[in-house]
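Enquirer: This is the structure, below, for whatever I ask next.
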Amino acid sequence: MYSVKEQQLREEFVAQGKSLFERGYATGAAGNMSLLLPDGKVLATPTGSCLGRLNPDELSVLDLQGGLLAGPKATKEATFHLAIYRANPNVKVIVHLHSTYATALSCLNNLDPDNVLKPFTPFAVSRMGDIPLIPYFKPGSDKLVEAVEKLAADHVAFLLANHGPLAGGKNLTEAVNNIEEFEATARMFFLLQQHRDHIRYLTEEEVAELR
């Protein structure tokens, strides 16, 4: 039914989703993933699906304009995944979660819209660079898609205001590692708040060296 390569990607896709769910990065039907196949089609999580209970033979298949080619109806948030693929050829996989700490961060006022996490460790910087804030729009709305697409060419990770984190990568492992690093850095941000006057942030020179 599928090529050997696509079958492998489907199985890896499901395994990564299950891993995120079992380790508490995703709950219920929250969060979604997608993968750009070598033939230009896109695998995506179906609407209302749980990352921990995906089936490799029951994933949505879309074209880059959002047309459903096979499988069940895709998550309504696949539209901003597709916008990133169209704008950034370096991104082949996208993971969007409602993970606790990064989503809590997304609910704060006065975040730097150009980079929501001022660098205090090298890891988020080296993996994702600046992480811009996307203003709040209703999930699945065209305005959200437009806002993501405007920044997608120059970024691999974003924070959706009052919504949660979004990270891409050149493959499944990199995208999952990126979003896990995002969540870990957000957790450290909150842990450091009781010491906020004593945080040593990376200098501009140190950040430039990492990039």
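Enquirer: Could I have the simple spin-label model distance between LYS5 and ALA184, label points 7 Å from Cα toward Cβ, reported in nm to one decimal?
Expert: The two pseudo-label positions are separated by 3.1 nm.
Enquirer: Here is a follow-up. Can you flag which of LYS41/LYS138; LYS18/LYS143; LYS76/LYS150; LYS41/LYS92 are past 21 Å Cα-Cα? Please list the in-between numbers first.
Expert: Details: LYS41/LYS138 26 Å; LYS18/LYS143 30 Å; LYS76/LYS150 19 Å; LYS41/LYS92 11 Å.
Over 21 Å apart, Cα to Cα: LYS41/LYS138; LYS18/LYS143.
Enquirer: Let me spell out the model: positive unit charges on the Cβ of Lys and Arg, negative unit charges on the Cβ of Asp and Glu, origin at the Cα centre of the chain. What dipole size does that give, in debye rounded to 20? Each step should come with its number before you reach the end.
Expert: Working: 20 positive and 25 negative charges, 95 e Å.
It comes to approximately 460 debye.
Enquirer: In the neighborhood of ALA175, defined by Cβ-to-Cβ distances under 12 Å, what is the net charge if each Lys or Arg adds +1 and each Asp or Glu adds -1? It would help to have the intermediate numbers written out before the result.
Expert: On the way: positive: LYS92, ARG127, LYS170; negative: GLU12, GLU174, GLU180, GLU181.
My count for the surroundings of ALA175 gives -1.
Enquirer: Hey, quick one: spin label on ALA87, modelled 7 Å out along Cα-Cβ, who in the stretch 26-67 has an amide N within reach, i.e. under 18 Å?
Expert: 34-36, 64-66
Enquirer: Additional query: Report the gain in length on full extension from THR100 to GLU12: 0.36 nm times residue separation, minus Cα-Cα distance, nm rounded to one decimal. Spell out each step's value before the answer.
Expert: Details: separation 88, 0.36 × 88 = 31.68 nm, distance 2.44 nm.
Taking THR100 through GLU12 to full extension adds about 29.2 nm, to one decimal.
Enquirer: Continuing with the same structure: Zone of LEU69 (label point 7 Å along Cα→Cβ, backbone N under 13 Å): which residues in the stretch 32-54?
Expert: Only 35-44 fall inside the zone, counting backbone N under 13 Å.
Enquirer: Could you tell me which label, among (1) 18.4, 56; (2) 15.9, 47; (3) 16.8, 59, carries the value of Rg and Dmax of the Cα atoms in Å calculated for this structure?
Expert: Of the labelled values, this structure produces (3).
Enquirer: Any chance you could give the angle, 0 to 90 degrees and rounded to 10, that helix 172-191 forms with the longest Cα principal axis of the chain?
Expert: 30 degrees
Enquirer: Can you find, among CYS50, LEU117, PHE137, the residue farthest towards the positive end of the dipole of the chain? Put +1 on the C-beta of Lys and Arg, -1 on that of Asp and Glu.
Expert: Farthest along the dipole direction, towards plus: CYS50.
Enquirer: How do the peptides 192-199, 61-68 rank, highest first, by the average count of neighbouring beta carbon atoms within 10 Å per residue? The partial results should precede the final answer.
Expert: On the way: 192-199: 8.5, 61-68: 13.8.
Ranked by mean Cβ neighbours within 10 Å, highest first: 61-68, 192-199.
Here, each number is a calculation from the coordinates, and none is a lab measurement. Since this is a predicted model, take the numbers as computed values, not measurements. Glycine also receives a Cβ, built like all others from the backbone with ideal geometry; neighbour counts cover every protein chain displayed.
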